[in-house]
Amino acid sequence: MKRRTCLMAALALPFAARAHHGWSSFNVDQPVFIEGKVVKVTWQNPHAELIVELEPDYKLPGDLAKRAVPAQSASVDGKALLAKAIAPARKERRWEVELAPLTRLQAWKVEPVAVGATVGILGYTLQDPKAEAVVRAEFLYVNGQVYGLRSSPA
């Protein structure tokens, strides 16, 4: 029985690794900003995930460049990222958002996001334009707070 379990786990590993994206899969040269309603939450490791639905004909918020940026231990120029951010070129309304691991979310004191909440995400899309609609979050805006997800709070 143990041998069969190990064999099944070994066969599943390549699929699990493929499903999890490292930073190298994302276009970190072009930040994007999305804002919408959360329609699904998965609050577990390796990282929490949200499904966010954008309004039809989504456009960047007019105050984006003036939004707050979090103080964090990583050297991230948040103001420059906000100034450079664009709306995703893809027109999908539902986006999968990869947040940080739960330990980092706990360090920031991020509570699990509720379905129906409005969130803003500054992050990066996958480099392959034909890949699924995924954003890896750099900053999370929720409930009037902003959280940096690359590192711990400063």
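Filtering segment 1-56 to residues that are modelled with pLDDT of 90 or more, farther than 25 Å from Lys109 by Cβ and of a type outside the set (Val, Ile, Thr) leaves Asp29, Gln30, Glu53, Leu54, Glu55, Pro56. Does Asp77 meet the test of being free of Cβ contacts under 8 Å to residues at least 12 places away in the same chain, loosely packed, with under 11 Cβ neighbours inside 10 Å and within 19 Å of Asn143 (Cβ to Cβ)? In short, no.
When Gly120 is tested against (1) small (Gly, Ala, Ser); (2) surrounded by fewer than 17 Cβ atoms within 10 Å (Cβ to Cβ); (3) assigned to a strand (DSSP E or B), only condition (2) is not met. Checking the conditions here, which among Ala117, Ala68, Ala87, Ala83 is at pLDDT 95 or above and more than 21 Å from Tyr58 (Cβ to Cβ)? Going through Ala117, Ala68, Ala87, Ala83 in turn, just one is at pLDDT 95 or above and more than 21 Å from Tyr58 (Cβ to Cβ): Ala68.
Starting from residues that are hydroxyl-bearing (Ser, Thr, Tyr) and touching a residue at least 60 places away in the same chain (Cβ under 8 Å), keep the ones in segment 86-131 and report whichever is nearest to Val38 (Cα to Cα). Don't jump to the end; show me each part of the working.
Residues of segment 86-131 that are hydroxyl-bearing (Ser, Thr, Tyr), as a first pass: 103, 118, 124-125.
The next check asks that each one be touching a residue at least 60 places away in the same chain (Cβ under 8 Å); those that pass are 118, 124-125.
Details: Thr118: 6, Tyr124: 18, Thr125: 18 Å.
By that ranking, first place goes to Thr118.
For segment 108-154, a residue qualifies if it is farther than 18 Å from Lys40 by Cβ and either touching a Leu at 6+ places or on another chain (Cβ under 9 Å) or among the aromatic types (Phe, Trp, Tyr) (or both), and the qualifying residues are Trp108, Leu122, Tyr124, Glu138, Phe139, Tyr141, Val146, Tyr147, Gly148, Leu149.
The values are calculated or read from the model by the stated rules, or taken from the named source; none is laboratory data. Bear in mind that the values here come from a model prediction, so they are computed numbers and not experimental data. Methodologically, a virtual Cβ is constructed for each residue, glycine included, from the backbone with ideal geometry; neighbour enumeration extends over all protein chains shown.
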